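Enquirer: My questions will all concern the structure given below.
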Amino acid sequence: QVQLVESGGGLVQAGGSLRLSCAASGVTFSSYAMGWFRQAPGKEREFVSVINWSGGKTSYADSVEGRFTISRDNAKNVVFLQMYSLKPEDTAVYYCAADYDGRSWSRAEGYDYWGQGTQVTVSS
């Protein structure tokens, strides 16, 4: 079956960095755009970043543009989210998701598969 497993979350001070990973199995990884979303307590899930199947096209939420970088390794079925200059408002559970053919892009509703999430906590 399809599995998306996130890792790399944790507790970091403001200004610090983290690198999230999402390992996929049970899918033809290169057929999917891969997205990162996050959900903070009491808030709705929001788009963070997305990368197309080849890695040649990416998109970021305005709130993370210039601080986060998404990348993927199709040979290893992994997508990464490198996060720099973290802020307390980045605190959330971060989810990776797979979007067949990239049709949904930044819209969470259309994604086909989701991981369980990894907690990122940024202290001030």
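Enquirer: Convert each backbone phi in region 105-110 into a coupling constant with the Karplus relation 6.51 cos²θ - 1.76 cosθ + 1.60 (shift: θ = phi - 60°), then list the ³J(HN,Hα) values in order as whole Hz, x for Gly and Pro.
Expert: 6, 9, 9, 4, 4, x
Enquirer: Still on this structure: Label point 7 Å out from Thr58 along Cα-to-Cβ: which residues of region 83-104 have amide N under 13 Å?
Expert: Label zone hits: 83-84.
Enquirer: Quantify, in whole percent, the carbon and sulfur part of the accessible surface of region 25-124 (1.4 Å probe; protein heavy atoms only).
Expert: 44
Enquirer: Shifting gears a bit: Name the lysines eligible as straight-distance cross-link partners of Lys87: C-alpha to C-alpha under 19 Å, and not fewer than 8 places from it in the same chain.
Expert: Filter leaves Lys43.
Enquirer: Among the aspartates and glutamates, select those whose C-alpha is under 16 Å from the C-alpha of Lys57, and discard any that sit fewer than 8 residues away in the same chain.
Expert: The reachable aspartates and glutamates, counting only those whose Cα sits under 16 Å from Lys57, are Glu65, Asp73, Asp99, Asp101.
Enquirer: Would you grab the residues whose amide H sits under 5 Å from the one on Ser63? Only those 5+ places off in sequence or on another chain, please, with H modelled 1.01 Å from N.
Expert: none
Enquirer: Give, as a single signed number, the net charge of other residues whose beta carbon lies under 11 Å from the beta carbon of Val50, with Lys and Arg counted +1 and Asp and Glu -1.
Expert: In short, +2.
Enquirer: What residues of region 4-32 lie in the reach of a label at Arg67, counting those whose backbone N is under 19 Å from a point 7 Å from the Cα along Cα→Cβ?
Expert: So the set is 8-21.
Enquirer: Continuing with this model, one more query. Evaluate 2.2 N^0.38 Å with N set to the residue count of the chain, then give the Cα radius of gyration divided by it.
Expert: Scaled against compact globular proteins, the figure is 0.97.
Enquirer: Amide H neighbours of Val48 under 5 Å, counting only residues 5+ apart in sequence or on other chains, H built in-plane at 1.01 Å?
Expert: Under 5 Å from the amide H of Val48: Trp36, Phe37, Arg38.
Enquirer: Take every Cα pair under 8 Å in the chain that's 6+ residues apart, average their separations, divide by the length, and report that relative contact order as a whole percent.
Expert: For the chain, the relative contact order is 35 percent.
Enquirer: Straight-line reach from Lys76: which aspartates and glutamates fall under 15 Å, measuring Cα to Cα and dropping same-chain residues less than 8 apart?
Expert: Glu6
Enquirer: Under a Cβ-only charge scheme (Lys and Arg +1, Asp and Glu -1), can you give me the dipole magnitude of the chain about the Cα centre, in debye to the nearest 20?
Expert: 200
The values are calculated or read from the model by the stated rules, or taken from the named source; none is laboratory data. Just so you know, these numbers come straight off a predicted model, no measurement behind them. Positions of Cβ are generated from backbone atoms using ideal geometry, with glycine treated the same way; all protein chains shown enter the neighbour counts. Protein only, heavy atoms only, side chains kept; ligands, DNA and RNA dropped before computing areas. Shrake-Rupley method; radii C 1.70, N 1.55, O 1.52, S 1.80 Å.
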